[in-house]
Structure formats: C-alpha cells, structure tokens
1. Is it the case that Leu132 is farther than 30 Å from Asp513 by Cβ, crowded, with 20+ Cβ neighbours inside 10 Å and not aromatic (Phe, Trp, Tyr)?
2. Which is modelled with pLDDT of 90 or more and not aromatic (Phe, Trp, Tyr), of Arg199, Arg263?
3. Taking Gln460 as meeting all but one of (1) in contact with a Lys or Arg (Cβ under 8 Å, 6 or more places away or on another chain); (2) part of a helix (DSSP H, G or I), write down the number of the exception.
4. So, of the residues in the stretch 240-256 that are assigned to a helix (DSSP H, G or I) and among the small types (Gly, Ala, Ser), which turns out to be surrounded by the most Cβ atoms within 10 Å (Cβ to Cβ)?
5. Does at least one position in the stretch 197-204 carry a residue that is closer than 21 Å to Leu255 by Cα and either part of a strand (DSSP E or B) or basic (Lys, Arg) (or both)?
6. Could you look through the stretch 46-89, keep only residues that are touching a helix residue (DSSP H, G or I) at 6+ places or on another chain (Cβ under 6 Å) and among the aliphatic types (A, V, I, L, M), and pick out the one that is nearest to Arg168 (Cα to Cα)?
7. With the requirement that a residue be basic (Lys, Arg) and within 17 Å of Asp240 (Cα to Cα), what does the stretch 198-221 give you?
Amino acid sequence: MTRTDRPALRVDGLTVRYLTKGGPVVAAADVDLRVAPGQCLGLVGESGSGKSTLGLAVQGLLTREEQVATEGVVAIADRELDPGDERGWGQVRGHLVTTVFQDPMASLDPTMTVGRMLTWVTRDKQESLRWLEEVEIREPKVVLRSYPHQLSGGMRQRVMIAMALARRPAVLVADEPTTALDVSVQAQILSLLRREQDRLGCGLLFVTHDLGVARTMCDDVAVMRHGRIVERGPSAQVFDAPQDEYSRRLVASRLTLDTDRARPVGPPEPTVVASMSEGLAQPEPESLTRRWSAGELTWASFAAPEPERRRPPALELVAVTKSFRTGGLLGSREKQVLHGIDLTVEPRQSVALVGESGSGKSTILRIAAGLEQADGGDVVIDDRGGAGVQVVPQDAGASLTPWRTVEQLLLERLGNTPEGTGLTDAERSARIRLALERVALDPDQVLRRKAGQLSGGQRQRVAIARAVVVPPALLLCDEPTSALDVSVACTVLNLLNLLRQQLGLSILFVTHDLAAARVIADRVDVISDGRIVERVDAGDLSDSMTSAYGRRLLDAVLP
C-alpha cells in the first residue's frame, strides 16, 4: 500500500493526568505522534509507562472519565478532535477509528450471536459472512450462529478483527491483541492483522509489551517511559541499536531461545514498577538491590538444584485420563482431553509443560491442584507434612480478594496451614514480612494496600508471596508471566528460580512461551491433543526437539 504525506493519525501535545487522592498523576506528557496510512507503529514500554493510556486517548475513550484531565489535539484522517470532546468522538469512534482489544470476551456481547453483532456493523448478512471468510474462520456459517463462549480464543479474536476492519477505518488501534494466545495462534493473528491492514491501507497503532511481536509486526517503534516517548525509529534500528538507556535495558530484558541461562535473566539493574493508582514508584528492597547490583545473584544462586531422589516425587501422574462433556450447536458430546498422561516432577525439580491452547496442559495443572478429578490413572503428591500444593495463576488480580489488604491475604494463607496456626502474632507478622521481602516487595509499602492499588507485577509477586509464606511441596505456575511486560516477567522468573533454590520447591510451570520454559525449567514436556509427545532438556530445546509438533512450536517463536 502506497503511503501518503497526510497522516492517518496525528497527535500533538497530548497530556493526560489521572486525578487521584494523592494528587494528579501524569500518564502521558506532551506526546507527539504520526502514523501514516498503511504504516504500523508499535508502542512499547513497561507497565505504567502510559502506552495503554495513549491508546485509549487516541480513541476518545477517556472522555467519560471524571477523574481524568486531558490536553492537546488528536487528528484522525485530518479531523481534529479535542481529547475531551465526547460529542465529536462519538461521531468518529467505531467508524474512522476502531479497536481490537486484548480480551475479546470483554468486548463481545455474550447474549448475541456473532452474526447479529457483525451484521450490526456491516448492515448485511452476506457481507458479514464475507468478512468471516476474510479473516480465515473455518465454517463461517456455523460461527455466524454461534455465541462468543462457543468459540476458541483465536476465533474470538478473528471475529473482533473482522468487526474492527469492516468499518474500513482510517486508524486501527490494537491493544495487546495476542497476549493471551499461544505462539502458533499468535503468529496467525499477527499475519492476518498485517495483511488486512495493508489491504485496507489504514494506519495501525499497535500497543504491546511483547518486544518480539513489536519487532516482527511494526514498521516503526516508539518506546514510552513515564508518559514520554524516549525513542522512536525503524523497528530494526530500535531493537538492534537502541540509543536511549531505558530502551537498551528494555531490549536486554527480552527472552529468546538464545538467552544465557547461566545468570539471572534481564538487565542487571533492579526493576522499578510504577503504581498508576497511587502515583508511587515501588523499588526493590535495599537488600535485594544491593545484591543485584553487586552481581551476587549469579547462576550459583539460581542454578537448578539436583533433584532429591531419596524422597518420593513431588508429583507423579500415571496413565491419567480426563474427559469433559461439552455442549454445542449439534448437542452435547463427550470429549477426551487427556489420554494416559505420565508425568513426574522430582523434589526440587522444575518441569515446564508446553503446548497450544486446548492441548490439555491447564487440565493437568487443575488435576494436580485438586481442582479437577481425573477419570482414570493415579495422581500422587508428596504433601511434605501438610504444606500441600499452591498455585500461582496467570491473572493474579482475579485471584486476590479485592477488599482484603496484602497483609490479610497472607494471614489467611498462614491460618489455613498446620504450621501457621501455632504461631504467635509477632511470628506471623515476621513470616509475612519475610515472604514479601523474598519476592522483592517492601512490606512497609504494600502491607496495607489492596490488589487494586498495586501494579500487575506487584500483584503477581503478592500471589507468589502468598503461595510460599508456608513453603509448599509443589508450586503450580499457570502462565504467570504471559500478561507481564518483559522486565517484570524477567524479575518474576528470577524470583521463582531463587525461591526454588532457597526453599527447595518443586515447580510445574505451564506455559506456551518456550523462551520462558527454557529459563525456568530443567525439563520441558511438550503436550499436544492430550498426549505428551516429547520430553527434552530445557537448555537444549532448539537441537533436542525432534517431534513434528515440537518443531512447529519452535518455528512459531518470534526471532
């Protein structure tokens, strides 16, 4: 698509302030942007950098918020709009500018069929069918009659793309559209988005924390920090030779299949996580910062300990099977999702379970956690004197009771264990503070806060602290870094490795991210259609993986 000199999106002097009890917090500061027709601009940065706020502002989605003050000008296809002009934005939103969000289930109406939603946009059923075919949905006539919950995550995202592009917008904003998808579906969605953008010639603002996605997808990249764009340039230039110090640290945090496993991952500097709701920066505790900067957290601290074979396995699955009864347009049916699974996690060992959505990996984790009952086979867990099994979820925010403080959340975990019930109040307090320090949180900063007052990275660390305040026999991690930006994800992986060393934990790490699996695990088990198809040494993934399915997963990893 030939680009013109007239930008599809122009942003001049955009400033956004959130009005909090502690005073105004600047989320975007005097931002200037240009996106040409047919161009894809990637907006990258850590949590709290302002990239999502900027993505919302260029759609006029902050105009209804009473606690937000905006200044500057946004122009869509030469139509200038004040960021606070709700009436003007109502005339262009959904027409000149459309959106593909991270979670399609939050955007699709669960009470309406896909056909009804899409035809509301296209005004023509045949046009709706054509758009489903355009975004490569199989059996589009069946999907037209389906409700969102009857579709896979990848199919729901394709429906969202069809709805966004059917208006033929001048600007498409994609806000983390592949975060929750496995690598192969992610590659398909990215290819689809870029192809359709080129075909329609619209400008694409691509908001993401995944640097590999940004490098592959985007023509240019803008790096944001503390509400400001600190660097912008061609994608290859920014990632191969970043000029700004922050950009260099961000790029250094990205995990690949070539990342050095012989030391903690990410940049040597400690991560600072901004809390937008409080306007505060949360540094690492001084003790961890000092050790990190001094280089004491070397591979000796993180090295995988030898499994203790004198003890029984922490987890042993033998010939485990599981079926679910599913409902659909053609009636209910029995679907077998696990076919004779054999899996062992030795004491102090870390095993990564890798596979695509629907492969059965999350079902295995739920069975190991006691949340599902296997239909057949044996499930044996070494309970280590009642410490049991703990789960670190993908969405820590959804797992933390919103009206409880961090202190109350950890006290609740202590009170539910034999070890915790025999402690004095002073001992409980000391145990809680130690657990928070172990996950690089300052107890004085976070003890009285609730989940909504923490950043995503902080919430994930609280979830880990709650899991290890009484060290479990087995730690089950369900995609714990998939929704985190690169530097925070590195910090979480380093913390898990360190806790494993300090507390002698066994870990089952469920993920679709092969680079993360390689860093956290001793062994990688690859699952496809409810069967373990391959087991390989984590440090030798690229050379050791030989199954056709495993090679396909490797080929889908972004360079």
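1. Numbers: farther than 30 Å from Asp513 by Cβ: no; crowded, with 20+ Cβ neighbours inside 10 Å: yes; not aromatic (Phe, Trp, Tyr): yes.
Answer is no for this residue.
2. On the way: Arg263 fails: modelled with pLDDT of 90 or more.
Within the list Arg199, Arg263, the selection yields Arg199.
3. (1)
4. Residues of the stretch 240-256 assigned to a helix (DSSP H, G or I): 240, 245-252.
Narrowing the set further to residues that are among the small types (Gly, Ala, Ser) leaves 247, 252.
On the way: Ser247: 22, Ala252: 16.
Here the residue is Ser247.
5. Filtering the stretch 197-204 down to residues closer than 21 Å to Leu255 by Cα leaves none.
Checking the stretch 197-204: not a single residue is closer than 21 Å to Leu255 by Cα and either part of a strand (DSSP E or B) or basic (Lys, Arg) (or both).
6. Ile76
7. Restricting attention to the stretch 198-221, the residues satisfying the condition of being basic (Lys, Arg) are 199, 215.
Once the filter is applied, which keeps residues that are basic (Lys, Arg) and within 17 Å of Asp240 (Cα to Cα), the stretch 198-221 yields only Arg215.
Per-residue answers, yes or no, for (1) at pLDDT 90 or above; (2) surrounded by fewer than 20 Cβ atoms within 10 Å (Cβ to Cβ); (3) not charged (D, E, K, R):
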| position | (1), (2), (3) |
| --- | --- |
| Lys335 | no, yes, no |
| Ala387 | no, yes, yes |
| Ala396 | no, no, yes |
| Glu412 | no, yes, no |
| Arg431 | no, yes, no |
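The values are calculated or read from the model by the stated rules, or taken from the named source; none is laboratory data. Only a predicted model underlies this, so the values are computations on that prediction, with no experimental measurement involved. In this analysis, Cβ positions are derived from the backbone assuming ideal geometry, glycine residues included, and neighbour counts consider all displayed protein chains.
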